[in-house]
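Asks: Just dropping this structure here.
The values are calculated or read from the model by the stated rules, or taken from the named source; none is laboratory data. Note that the coordinates shown come from a computational prediction; the quantities given were computed from them, not determined experimentally. Ideal geometry is used to build each Cβ from the backbone, glycine not excepted, and the neighbour counts take in all protein chains shown. Only protein heavy atoms, including side chains, enter the accessible area calculation; ligands, DNA and RNA are left aside. Shrake-Rupley method; radii C 1.70, N 1.55, O 1.52, S 1.80 Å.
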Amino acid sequence: MSSTDKKPLPFTYQFLSGAVAGISEILVMYPLDVVKTRMQLQVSSAPGEGYKNMFDCLTKIVKQEGFSRLYRGISAPILMEAPKRATKFAANDEWGKFYKSFFGIPTMTQPLAILTGATAGATESFVVVPFELVKIRLQDKSSKYTGMVDVVKAIVKQEGPLALYNGLEATLWRHISWNAGYFGVIFKVRDLLPKAETSQGQITNDLISGSIGGTVGTMVNTPFDVVKSRIQSTTKVAGVIPKYNWTLPGVYTVFKEEGFGALYKGFLPKVLRLGPGGGILLVVFTACMDFFRTIQ
């Protein structure tokens, strides 16, 4: 039975499988996310200062701030990962059912997989924005916050409760583009790979297709991610228009002031996380769903 023809499961099982997959991925890959954010927030630096590349950033964080700094802010992503990844996969499955029924298409096609992934990404965005905002504020090198609760209190006090959704528009751009690429590529790569005859073969196919999907999604959405990080790292002050406020103008500002390469700041740690991370997500999610099918 192919992965696209397996018995559908209720939302609860999809949610639990996505949650387990998300937490598994973040526990392994989180330090790369810290490095990515640091590099995205770095605009310019004097000679000898700042981060030259991913390895220089990792080394300087550990040497200057301690190893534990690589996991600073992980509490927000841990709390976010369960609803985020669960929403991603559950929304992808549910929107897939809806679109197949709406368009009268009996089986999934690649254009439908892209549309479904994009819609799932939009759905996921509304869940993750507050958590992403807290994470970015804690990962920033200049962060003075004591923890997640301190960040939330400061944002609400200084900027208002609605400020917890700062960067929503940029997050929509980031997640729609990543999920469209991720699920669209997974569909195509699975179709191209030899049919798995064993469970080990299925795991290998999922790891390959998920990793390629994660890599393509990252290539597409990194410019939006750079701008999102800068929007969410900025404390809004009444009467002051932030430099980075909307996504497409923000992308243009980065390109104009720092060059095209700046739109891909943090790409290496990001792709090293979300490439293999995309494979880990798919493998763990599929394994959990298969387990739940055995107890149905």
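Asks: Give me the residue from segment 264-296 that is among the hydroxyl-bearing types (Ser, Thr, Tyr) and either closer than 23 Å to GLN40 by Cβ or touching an Asp or Glu at 6+ places or on another chain (Cβ under 7 Å) (or both) and, out of that set, modelled with the lowest pLDDT. So that I can check it myself, show each step before the final result.
Replies: Residues of segment 264-296 among the hydroxyl-bearing types (Ser, Thr, Tyr): 264, 286, 294.
From what's left, either closer than 23 Å to GLN40 by Cβ or touching an Asp or Glu at 6+ places or on another chain (Cβ under 7 Å) (or both): 264, 286.
Values: TYR264: 93, THR286: 83.
Going through the qualifying residues, I end up with THR286.
Asks: On the given criteria, is LEU172 touching a residue at least 24 places away in the same chain (Cβ under 8 Å) and either part of a helix (DSSP H, G or I) or under 29 Å from VAL254 (Cβ atoms) (or both)?
Replies: On the way: touching a residue at least 24 places away in the same chain (Cβ under 8 Å): yes; either part of a helix (DSSP H, G or I) or under 29 Å from VAL254 (Cβ atoms) (or both): yes.
Answer is yes for this residue.
Asks: Quickly run through segment 57-71 and pick out the residues that are in a helix (DSSP H, G or I) and farther than 18 Å from GLN40 by Cα.
Replies: Quick first cut of segment 57-71, residues in a helix (DSSP H, G or I) only: 57-65, 67-71.
Across segment 57-71, the qualifying residues are VAL62, LYS63, GLN64, GLU65, PHE67, SER68.
Asks: Just to check your reading of the model, which residue among VAL127, VAL20 is open to solvent by 10 Å² or more (accessible area, probe 1.4 Å), under 25 Å from GLY266 (Cβ atoms), touching a residue at least 12 places away in the same chain (Cβ under 8 Å) and part of a helix (DSSP H, G or I)?
Replies: VAL127
Asks: Given the condition at pLDDT below 85, assigned to a helix (DSSP H, G or I), over 30 Å from SER142 (Cα atoms) and among the charged types (D, E, K, R), answer yes or no: does some residue in segment 83-90 qualify? Walk me through it before giving the result.
Replies: Residues of segment 83-90 that are at pLDDT below 85, as a first pass: 83-90.
Remaining after also requiring assigned to a helix (DSSP H, G or I): 83-90.
From what's left, over 30 Å from SER142 (Cα atoms): 86-90.
From what's left, among the charged types (D, E, K, R): 88.
Looking for residues that are at pLDDT below 85, assigned to a helix (DSSP H, G or I), over 30 Å from SER142 (Cα atoms) and among the charged types (D, E, K, R), one finds at least one in segment 83-90, hence yes.
Residues are listed down the side, and each one gets a yes or a no for (1) modelled with pLDDT under 90; (2) crowded, with 22+ Cβ neighbours inside 10 Å; (3) touching a strand residue (DSSP E or B) at 6+ places or on another chain (Cβ under 9 Å):
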site: PHE98; (1), (2), (3): no, no, no
site: SER101; (1), (2), (3): yes, no, no
site: MET108; (1), (2), (3): yes, no, no
site: LEU115; (1), (2), (3): no, no, no
site: THR119; (1), (2), (3): no, no, no
site: VAL134; (1), (2), (3): yes, yes, no
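Asks: Another question, if that's okay. Kindly provide the set of residues from segment 136-171 that are touching a helix residue (DSSP H, G or I) at 6+ places or on another chain (Cβ under 8 Å), of a type outside the set (Ser, Thr, Tyr) and open to solvent by 40 Å² or more (accessible area, probe 1.4 Å), ordered by number.
Replies: LYS141, MET148, VAL152, VAL156, LEU168, GLU169
Asks: For segment 228-247, does any single residue satisfy the condition of being in contact (Cβ under 8 Å) with a residue 12 or more places away in the chain, of a type in the set (Lys, Arg), more than 21 Å from GLN14 (Cβ to Cβ) and part of a helix (DSSP H, G or I)?
Replies: Looking through segment 228-247, at least one residue is in contact (Cβ under 8 Å) with a residue 12 or more places away in the chain, of a type in the set (Lys, Arg), more than 21 Å from GLN14 (Cβ to Cβ) and part of a helix (DSSP H, G or I).
Asks: Filter segment 198-230 for residues that are crowded, with 24+ Cβ neighbours inside 10 Å and among the β-branched types (Val, Ile, Thr); which is nearest to LYS270 (Cα to Cα)?
Replies: Ranking the qualifying residues of segment 198-230, first place goes to THR218.
Asks: Now for a separate question. Considering (1) closer than 29 Å to ARG38 by Cα; (2) hydrophobic (A, V, I, L, M, F, W, C); (3) open to solvent by 80 Å² or more (accessible area, probe 1.4 Å), say which one LEU192 fails and leave the rest.
Replies: (1)
Asks: Still on this structure: Residue under question is PHE291, and the condition is that it be part of a helix (DSSP H, G or I), within 30 Å of VAL156 (Cβ to Cβ) and aromatic (Phe, Trp, Tyr); does it hold? Let's see the steps before the verdict.
Replies: On the way: part of a helix (DSSP H, G or I): yes; within 30 Å of VAL156 (Cβ to Cβ): no; aromatic (Phe, Trp, Tyr): yes.
No: the conditions fail for PHE291.
Asks: Within segment 143-154, identify whether any single residue is free of Cβ contacts under 8 Å to residues at least 40 places away in the same chain and on the phi > 0 side of the Ramachandran plot, and answer yes or no.
Replies: No: zero hits.
Asks: GLN110 is checked against (1) in contact (Cβ under 8 Å) with a residue 24 or more places away in the chain; (2) closer than 26 Å to VAL152 by Cα and fails just one. What number does that condition carry?
Replies: (2)
Asks: Restricting the search to segment 59-96, which residues are more than 21 Å from VAL152 (Cα to Cα), open to solvent by 50 Å² or more (accessible area, probe 1.4 Å) and among the hydroxyl-bearing types (Ser, Thr, Tyr)?
Replies: THR59, SER68
Asks: Return the residue satisfying two criteria in turn: it lies in segment 258-283 and is charged (D, E, K, R) and open to solvent by 40 Å² or more (accessible area, probe 1.4 Å), and of such residues it is nearest to the chain's Cα centre (by Cα). Show your work before the answer.
Replies: Keep residues of segment 258-283 that are charged (D, E, K, R), which gives 258, 265, 270, 273.
In the following step, the residues that additionally are open to solvent by 40 Å² or more (accessible area, probe 1.4 Å) were identified as 258, 265.
On the way: GLU258: 24, LYS265: 16 Å.
Filtering first and then ranking leaves LYS265.
Asks: Could you identify the single residue in GLY261, GLY217 that is of a type outside the set (A, V, I, L, M), modelled with pLDDT of 85 or more, closer than 23 Å to VAL127 by Cβ and in a helix (DSSP H, G or I)?
Replies: Values: GLY261 fails: closer than 23 Å to VAL127 by Cβ.
None of the others qualify; the one that does is GLY217.
Asks: Being free of Cβ contacts under 8 Å to residues at least 60 places away in the same chain and on the phi > 0 side of the Ramachandran plot is true for just one of GLY160, GLY201, GLY167. Which residue is that?
Replies: Details: GLY201 fails: on the phi > 0 side of the Ramachandran plot; GLY167 fails: free of Cβ contacts under 8 Å to residues at least 60 places away in the same chain.
That would be GLY160, the only listed residue that is free of Cβ contacts under 8 Å to residues at least 60 places away in the same chain and on the phi > 0 side of the Ramachandran plot.
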